[in-house]
Amino acid sequence: MKKILFLLLTFAAVQLHAQRTKNALLEDSIFAWKPMATLVPSKYPWAISAAQQKLPALFFDWIKKSHQLTGAVNKTYALAEPNKKDEVLAFAVGVNAAVWKAEWDKSGKMVKNQPHSEVPIQVLTNYIIDAQPISLLTIPGRPVFTRRSPNPEETFKNWDYGTRLIKQFQLEKNPQIGKYIIQYYGCTGDMCQPLVAVYLAPNNKLPIRQLTRGEVLDMCEAAIPGEIKRLLGEPIKVDNNYLKEKYNARAKELETIQIPKWKANIKKLRKQYRNSLNEPAFVRNVKGIHLVNLENGDDLFEISNTEMFGIYTYEAGVLENSKKDKPLWICINWMPVVETGNVYSREFHHSMTQFFNFDYVYNYFFNPEKVKGQPYTIRNPEEYKQTASRIKNNAPVKTNSGKLASGVYFADDFLDNSVGSKPKGWFMPGTGKPSVIAQPAGFDGNWVAMGQYRLAPYGLKGNLPENFKMEFDVATDKDFAENTGGAFLLRIHNMLLTPGGDYKNAPKQILIELDAKAGNEKFSTNPTGYARLKATYTGMNNTNRYADVLQYSNDFSNKKSKVHFTIIKSGKKVSAFIDGKEITALDKYGKPVPGFNELPEGARFTSFYFENITNYSSKQVGIYIANIRITEKDNAAPF
């Protein structure tokens with residue numbers, strides 16, 4: 001696959017052939033990685049060793065080898081922590097290789113990053129990704145911080161959206177990731193996206209420990225003298241009675257009012273939790289504990305119904321040892337995405353779960369003999385080679401070429417596609433679950449497993465024949481138990497193709513719509529399946545437009561799960577058949593509707609698309625399309 005510099009030079013030619021917008025071409029183009037901004041050790045308040053300075057470039061190299069930058073541009077920089085003099089945390093170095101969705105600038109000549117589309121990916125040593133310091137309890141040499149629990153059920157309590165996503169990710173079942181420590185973090189709420197960190201550590205244990213309630217209360221009490229000094233400041237040494245009186249008044253207020261409140265609340269909490277002081281400490285606020293909590297008499301350990309944060313510190317020696325060349329642990333974090341996400345973010349997640357070699361990284365640092373002399377290699381290299389063809393959406397469609405017999409306008413049996421790839425010559429939106437080639441159980445040949453959104457051919461030259469026959473096979477998963485199975489809509493339209501590659505509505509719309517849903521044959525008296533044909537146009541009489549009533553049947557069902565559809569347009573009349581049986585239009589009295597499915601004289605169509613309309617309750621049941629052919633009417637030429 002050529003890099004983006006080549007693609008930019010060829011966009012015009014591809015667009016004319018493929019009939020795609022420039023933005024559509026961007027979303028599945030492979031971009032070259034931009035260089036990393038290197039580490040500047042002098043900007044950090046600690047001595048970063050020469051060996052540590054090399055790690056960001058090494059991490060970035062591993063990321064680049066694992067992911068083909070798809071529909072996105074990157075901004076990568078090396079980083080280190082702590083970056084402030086008074087911060088107390090383990091010493092860390094690494095890389096942030098965040099990517100943004102690619103889009104054209106206003107001139108349409110340069111590619112830039114789309115604002116607010118950042119997808120983070122970081123690899124760092126000695127870093128707890130969601131640690132939030134508790135300044136009240138932190139002292140030099142002993143940081144105390146909050147973090148989410150590694151257990152999602154404790155991390156995101158009663159957050160149905162996040163819990164549902166985490167179950168879809170199934171990272172714990174990944175053959176490599178599942179071996180290591182997995183932690184989800186981030187905000188909660190319907191608009192929030194859970195992030196994930198995978199920690200690689202010796203013996204699969206981070207060198208941190210959760211404090212008990214008793215320890216936290218002891219630390220709160222021990223922090224009081226330091227807080228008094230902080231609030232009062234240095235004693236007044238100048239000969240100024242006003243300043244001295246003010247200092248003494250503040251000291252008296254602390255001694256007589258505030259300090260007693262702090263100590264009283266600590267005493268109250270020790271009594272309240274006397275039977276559970278040795279249990280792990282959790283708080284409801286990610287920012288932990290402040291003096292105001294003690295002064296207000298707050299219950300420090302009261303847990304929220306939606307989220308909770310543990311209170312932690314490092315084990316002995318971690319701060320000093322984290323300065324050494326060998327990391328104590330590795331943190332790898334990114335934004336996991338389900339298959340309905342944008343192409344650029346979905347592909348990054350795919351690369352992290354299928355190609356990034358977590359085992360190599362672990363062994364490189366913690367079991368080096370296993371990889372001594374071996375360069376970094378990705379997982380699943382054969383699948384990696386197919387990345388471009390799997391995501392690419394601009395292969396030529398087989399239409400109006402010498403491969404098609406005379407009288408055949410369009411034909412595709414999908415046999416020149418590999419399983420799991422997008423169907424060549426077909427376009428679908430970049431978001432949503434994509435349509436891919438599949439070989440469903442019990443059916444021969446290649447089929448398109450319909451995804452979430454429309455699937456349309458591109459590269460069509462000229463209108464469909466004035467009189468035509470369109471045929472295709474449809475299947476759904478056999479023996480489904482739901483009330484209904486897979487469902488689809490075929491829409492043949494007269495939309496107009498713009499010079500930019502988009503379709504827009506014609507001034508007078510003309511449509512042929514065929515939709516069908518598989519029923520469950522357990523409902524023999526009142527079937528749940530149907531097939532319907534409807535031809536409409538602008539200016540059509542509404543009485544006639546809505547005269548038909550849906551006719552339910554088991555012509556397409558969990559038992560009869562593969563059927564053949566035929567649509568025939570002959571003059572003004574449009575008719576359709578399912579396995580040779582005509583799909584009839586009847587009114588509410590069960591009588592044929594005169595003039596139904598008739599179009600204006602000379603009606604012509606420009607293209608068509610399929611859409612998955614399966615009920616949400618049956619979304620796990622597949623719907624598949626195969627063997628599509630459009631011929632001039634009565635022409636039965638084979639593929």
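The values are calculated or read from the model by the stated rules, or taken from the named source; none is laboratory data. These figures come from a predicted structure and were not determined experimentally. For neighbour counting, all protein chains shown are included, and Cβ atoms are generated from backbone atoms with ideal geometry for every residue, glycine included. Just the protein is used for accessible areas: all its heavy atoms, side chains included, with ligands, DNA and RNA removed. Shrake-Rupley method; radii C 1.70, N 1.55, O 1.52, S 1.80 Å.
Helix 343-354 and the longest principal axis of the C-alpha atoms of the chain enclose an angle of approximately 70°. Excluding ligands, DNA and RNA, the accessible surface per residue across segment 548-639 is 49 Å² with a 1.4 Å probe. When the Cα gyration tensor is reduced to axis lengths a ≥ b ≥ c, the ratio a/c is 1.5 or higher for segment 481-639, and with a/b above b/c it is classed as prolate.
With the full set of protein chains in place, find how many percent of the accessible area of segment 36-190 is carbon and sulfur; take the probe as 1.4 Å. Don't skip to the end; give the middle numbers.
Values: 3700 of 7200 Å².
Here it works out to 51 percent.
Note on residue 444/residue 87: beta-carbon distance plugged into 1/(1 + (r/R0)^6) with R0 of 45 Å gives a FRET efficiency of 0.10. Available extension along the chain between residue 604 and residue 582 is 5.6 nm, counting 0.36 nm per residue and deducting the alpha carbon span.
Please give me, ordered by residue number, the GluC sites (Glu not before Pro) of segment 268-323 that lie in loop per DSSP and have at most 15 other Cβ atoms within 10 Å.
Numbers: sites: 295, 302, 307, 315, 320; in loops: 302, 315.
The qualifying sites are 302, 315.
Extents of the chain, largest first, come to 107, 59, 51 Å (Cα atoms, principal axes, whole angstrom). Between residue 142 and residue 372, the FRET efficiency estimated from the beta carbon spacing at R0 = 45 angstrom works out to 0.75. Out of every Cα-Cα pair that segment 219-372 contains, those further apart than 25 angstrom amount to 62 percent. With respect to the cross-link table entries 167/433; 534/573; 424/461; 85/244; 461/534; 522/560, which display a Cα-Cα separation exceeding 23 Å? Over 23 Å Cα-Cα: 85/244; 461/534.
Any idea what the alpha-carbon Rg over 2.2 N^0.38 Å comes to for segment 261-309? Working shown, then result.
Values: Rg = 10.9 Å, N = 49, 2.2 N^0.38 = 9.7 Å.
Against the compact-globule rule of thumb, the ratio is 1.13.
Over the chain, DSSP H runs of length four or greater, each weighted -39,500 (n - 2.57), average out per residue to a 222 nm ellipticity of -6500 deg cm²/dmol.
Principal-axis analysis of the Cα atoms of the chain puts helix 4-18 at an angle of about 30° to the longest axis.
Mind running the shape call on segment 469-549? Use the C-alpha gyration tensor, a ≥ b ≥ c as the square roots of the eigenvalues: rounded below 1.5 for a/c, prolate if a/b tops b/c, oblate otherwise. Cα axes put segment 469-549 in the oblate bin.
Leaving ligands, DNA and RNA out of it, report the carbon-plus-sulfur percent of the accessible area of segment 207-351 at a 1.4 Å probe.
On the way: 3830 of 7740 Å².
For segment 207-351, the apolar C and S fraction of the accessible surface comes to 49 percent.
Do any GluC sites (Glu not before Pro) in segment 464-496 lie in a loop, going by DSSP, with at most 15 other beta-carbon atoms within 10 Å of their beta carbon, and if so which? Display every interim value, and only then the final one.
Working: sites: 466, 471, 482; in loops: 466, 482.
Here the GluC sites (Glu not before Pro) that fit, given the DSSP loop and packing criteria, are 466.
Percent of alpha carbon pairs in segment 423-564 separated by more than 25 Å?
Of all Cα-Cα distances in segment 423-564, 40 percent exceed 25 Å.
Cysteines of the chain lacking any other cysteine Cβ under 4.7 Å from their own Cβ: 220, 331. Look at the dipole of the chain built from charges on Cβ: of 243, 483, 493, the Cα furthest out on the positive end belongs to 243.
Applying both filters, DSSP loop and at most 15 other Cβ atoms within 10 Å, to the GluC sites (Glu not before Pro) of segment 569-639 gives 601. Just so you know, the Rg over Rh for segment 160-309 is 1.14, from Cα atoms, with Rh as the Kirkwood radius.
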